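K.L.:
Okay, handing you the structure first.
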Amino acid sequence: MEFSSKLLENAVYEMSQLPGIGKRTALRLVLHLLKQPADQTSRLSKALLHLREDIKFCNNCHNISDVELCEICANPKRDGRLICVVEDIRDVMAIENTGQYRGMYHVLGGKISPMEGIGPQDLTIASLVNKAKQGKVKELIFALSSTMEGDTTNFYIYKQLEELPLKTSTIARGIAVGDELEYADEVTLGRSILNRIPFVNSIKAS
């Protein structure tokens, strides 16, 4: 792709680094921004800059937050004895949209994937185990996507906790194998949480 401007080429290149954005789509987006009022592009750049510089992670659940303790963890009406283990903030948002869950979350920040060089030490598994060992948590709900990486991560955490007097469950398989939670419809996802099953049963079934 030939460019008449190095500035345009650089902008297209950076835009194309976003997931799902090829160079042709990046070019359309950049040309669209050029047609907009300068203050609109300025607001976009400032929003992205503030996001990168000022974003925080909740000290309790590791969810993305504006403050040290996210709104969910700070809500006294949430059940702190129940923790839903998810991969990232997209899963938190998907489950919250169902309106069926009133417990807390623990965001791992990914899944164990040796192919991608991601091990347990790269996730927030250690803090989850420490939280469980404090004795205040009664149940962990594994809500990772039903992929090989998700199942591997679930099993690893389960083995770390199996000696504790702690109930472990997994969302019902209303979510198709291989599906990501963020793409599940709210009714199916809500039912899968309400109809969760003991995690050990999912091991026997697999």
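We did not get these values from a lab; they are worked out from the coordinates using the rules stated. In this text, all values refer to a predicted model and were calculated from it rather than measured experimentally. Positions of Cβ are backbone-derived with ideal geometry, glycine not excepted, and every protein chain shown enters the neighbour counts.
K.L.:
Can you give the relative contact order of region 80-168 as a percent, counting alpha carbon pairs under 8 Å and 6+ residues apart?
P.N.:
Answer for region 80-168 is 34 percent.
K.L.:
Percentage of Cα-Cα pair distances in region 1-125 greater than 27 Å, rounded to whole percent?
P.N.:
That fraction is 43 percent.
K.L.:
Which of the GluC sites (Glu not before Pro) across region 1-42 are loop residues per DSSP, with 16 or fewer other Cβ within 10 Å?
P.N.:
Glu2
K.L.:
Once you sort the root eigenvalues of the Cα gyration tensor of region 6-54 as a ≥ b ≥ c, which label holds: rounded (a/c under 1.5), prolate (a/b larger than b/c) or oblate (the other case)?
P.N.:
Cα axes put region 6-54 in the oblate bin.
K.L.:
Would you please give the FRET efficiency between Asp122 and Leu49, computed as 1/(1 + (r/R0)^6) with r the Cβ-Cβ distance and R0 = 22 Å, to the nearest 0.05?
P.N.:
Step by step, r from the Cβ atoms, then E = 0.25.
K.L.:
Points 7 angstrom from Cα along the Cβ direction at Leu166 and Gln40: gap in nanometres?
P.N.:
4.9
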